[in-house]
Each structure stands twice: as C-alpha cells, then as structure tokens.
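Below: one structure, written as structure tokens.
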Amino acid sequence: MKSPVRVLIAALVWALLLPAAMAGDDPLVVYSGRSDVFVRPVMARFTEKTGIEVVVHAGSATELVNKLRLEGPRTDADLFLSNDAGSLQLGASHDLFLTLPGDLLADIPANYHDEAGQWTGLSARARVLVVNTEAQDLPEIGSVFDLAREDMRGRIAVTNSANESFVAGVTIYLEAAGEQATRAWLEGLRRNAGGSAYARHRQVVNDVAAGRRDVGLVNHYYVARHLDDNPDAPLRMIIPDQGEGQMGVAWNVAGVAVSRHSSRPEAAMKLVAFLVSAEGQEIFAGANHEYPVRPGVPVAGGLPPADEMHVADVPMSLLGSRRARAVDLIEAVGMP
C-alpha cells in the first residue's frame, strides 16, 4: 500500500507535467531576428499560461528568411519573428508562411499586417533624430533630410547601409519623397558622416551622448534605453518631418509569421494569438520600449504618444516589395 505522502508527491508531479503533456512533447521553434533578451519575457509568459515550450534561434532577419527558403519542408522552424516588416514581406513573397486566421488579425490595424494575412506586426518603432543638448552652435533641424545639409558636415552619426532599419528607412523615404530627393540625401549623408558609419544604433547614441557627434539617426527605443540607464545624459529625441507638407516620420514594425512547414501549426497559431493579445502586446512592446500595434494597449512610460505623430503614408508591406530598389540606390551612392 502506498503511503499518503508518496501519493501526494505523485499527484503534484503529475499536475506539474500535465500542461506540457497536453501541449505535446516537442517545443515550438522560433527563428527570431529580434534579440533574445527582448523575446524571452513574452515567450516565458506564454509557456507559463499554456504549458507549450518555446525554443528561440536568434539571428539576422534577412539571413533567417534565406535559411527558411533553403530548408523548405525540412525546416525545424514553426514561426518566424522579425524586427523588420521588409523581411516578413520578403518571406511572404516566397510563400514561406501560412495564412493567419482572420480573428487573429481583427484587432490589428490593416497597415500593420500584409493584405494576404501571412504575417502580422507586433510592435512599432519610429526613425528619430537623437541630439546632444550641449552641442555648440548646432543649426536648427527638424527633418531627416537636414542631416545632408552642408552645415552638418562632421556632426552626424548613422549606422552602416547593411543595417536592416537603415534600409527600411531609405525604402520609406524613396516612397514618400521620391528618388531624386533620396539620392541627394544619401550623398549628403555619406559626405557629412565622413565616409564612415556605425555598426550598431547603440554606438550612435553613445557617441552623441559623449559629444563625439552632435546628431544621430536611430530607432526611437535606443534613445529611451540609454536614458533609462543614464537619466542625466545630454540627449533629446526629435520626431522628424512633422511640419506642414512634410512626409512624416518613418515607421516600421517587428512582427511574426507561422512557417508553412511547421510541424505544430495549431500550437504556433496559439502563440501568435497570445502575441497579439493585450497581455502579450504589453509584454512584447514594453520589453523594448516600442509601441504596441493593438489599439488600447498602454505604451511604455516616457515615449511620445504615437497618435500625436504624423507618420509617413507608406504601407508596411511595401518595405519588402520595394526593398531591392532601396538597396540598389544605397549601393549606387556608395554608402559605407
């Protein structure tokens, strides 16, 4: 006869294992173009709620799309998570993803997912100017195109042209302002940056904060992160191109898609459903100081309200279909 203590222990062990057993033995595999540190909190909460384990393989979003294409039906990936709408749309154009059910997209504005429903955005970010408040004799600036003016020579910091956010920004400027203006801007940017560029946005913000450069072009959350860690840093954020007749700030989204060859599509759809839920949105966007794409979800403290920004009228889906045009122009100008 089993002792009451052993029976109790066995019952507790079964209770702990039951959610995982119900969810299946194999974890969901996510190919993620977003840093693991920003993905881990929301995945941990999903596992806590459902018992479904998640394994994240992080890397460059572009490289992961290519990996999905090469692997085809042999892929282990159940989902693809990207920090860039262009990579998501590129994957959709190669028929790498399943169509998401309409009810999953019902609460997400149409501009934040592709028309066919093969991917959805999860969090949004703005391309902003970060300025050193102690810079001497800094000319007035209010547009990204101001970075190309002659009086900004040697004063600016930008990431290199391989950066996915840089390419996405150029794509938006091409669509919103035209090729002639964008080419002139890139030429001025190359000159004013002194022929050099930064590998990471964080380095741009660090050098602007240290006074080695006066102005940088970055995603907004890098400024927010820096000020979280260094509240007295001499930095301010400018939301560019907000004046009458201007194109508006460039916008981009991180998002997710379900692999066409997922071995667990139902579980993968459950993860998408959690990511677009109010709870999932607050965790996912809040981890990186981004804007939730689901209306009504609170925004992390200290960020300028999204509904007060004039955003460039360029659908996120175009960041994939127009990407090659932007890359060709960047290479023609010779951006580092």
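The values are calculated or read from the model by the stated rules, or taken from the named source; none is laboratory data. As the structure is a computational prediction, the values presented were derived from the model and not from experiment. In this analysis, Cβ positions are derived from the backbone assuming ideal geometry, glycine residues included, and neighbour counts consider all displayed protein chains.
Would you say Asp103 is exposed (fewer than 15 other Cβ atoms within 10 Å of the Cβ) and in the same structural domain as Ile283 (by TED's automatic domain parsing)?
yes
Looking at (1) in contact (Cβ under 8 Å) with a residue 24 or more places away in the chain; (2) surrounded by fewer than 20 Cβ atoms within 10 Å (Cβ to Cβ); (3) part of a helix (DSSP H, G or I); (4) acidic (Asp, Glu), find the lone condition where Glu175 falls short.
Result: Glu175 passes all but (2).
Any residue in segment 103-111 that is more than 21 Å from the chain's Cα centre (by Cα) and touching a residue at least 60 places away in the same chain (Cβ under 8 Å)?
Checking segment 103-111: not a single residue is more than 21 Å from the chain's Cα centre (by Cα) and touching a residue at least 60 places away in the same chain (Cβ under 8 Å).
Given the residues Glu244, Glu282, Glu266, which is the only one that is without any contact (Cβ under 8 Å) to a residue 12 or more places away in the chain, charged (D, E, K, R) and outside any loop (DSSP other than H, G, I, E, B)?
The unique qualifying residue is Glu266.
Whether any residue in segment 191-201 is more than 16 Å from Gly216 (Cα to Cα) and not hydroxyl-bearing (Ser, Thr, Tyr) is what I want to check. Talk me through it step by step, then tell me what you get.
Taking segment 191-201 as the starting set, the residues that turn out to be more than 16 Å from Gly216 (Cα to Cα) are none.
Checking segment 191-201: not a single residue is more than 16 Å from Gly216 (Cα to Cα) and not hydroxyl-bearing (Ser, Thr, Tyr).
Determine if segment 280-297 includes at least one residue that is in contact with an Asp or Glu (Cβ under 9 Å, 6 or more places away or on another chain), among the aromatic types (Phe, Trp, Tyr) and at pLDDT 90 or above.
Yes, because at least one residue in segment 280-297 is in contact with an Asp or Glu (Cβ under 9 Å, 6 or more places away or on another chain), among the aromatic types (Phe, Trp, Tyr) and at pLDDT 90 or above.
For residues that are part of a helix (DSSP H, G or I) and in contact with a Pro (Cβ under 7 Å, 6 or more places away or on another chain), scanning just segment 111-151, find the one that is farthest from Val205 (Cα to Cα).
The initial filter retains those residues of segment 111-151 that are part of a helix (DSSP H, G or I), namely 111-112, 144-148, 150-151.
Retained after the next criterion (residues that are in contact with a Pro (Cβ under 7 Å, 6 or more places away or on another chain)): 111, 144, 151.
Details: Asn111: 29, Val144: 16, Asp151: 21 Å.
For segment 111-151, the residue satisfying everything is Asn111.
Which one of these is touching a Phe, Trp or Tyr at 6+ places or on another chain (Cβ under 9 Å) and more than 23 Å from Ala233 (Cα to Cα): Leu98, Leu147, Leu88, Leu174? Break it down into steps so the answer makes sense when it comes.
Numbers: Leu98 fails: touching a Phe, Trp or Tyr at 6+ places or on another chain (Cβ under 9 Å); Leu147 fails: more than 23 Å from Ala233 (Cα to Cα); Leu174 fails: touching a Phe, Trp or Tyr at 6+ places or on another chain (Cβ under 9 Å).
Testing whether each residue is touching a Phe, Trp or Tyr at 6+ places or on another chain (Cβ under 9 Å) and more than 23 Å from Ala233 (Cα to Cα) leaves just Leu88.
Given the criterion at pLDDT below 95 and within 22 Å of Arg294 (Cα to Cα), identify the matching residue among Ser35, Ser3, Ser60, Ser82.
Being at pLDDT below 95 and within 22 Å of Arg294 (Cα to Cα) holds for just one of Ser35, Ser3, Ser60, Ser82, which is Ser35.
Val167 passes all but one of (1) of a type in the set (A, V, I, L, M, F, W, C); (2) closer than 16 Å to Val218 by Cβ; (3) assigned to a loop (DSSP other than H, G, I, E, B); which number fails?
(3) is the only condition that Val167 fails.
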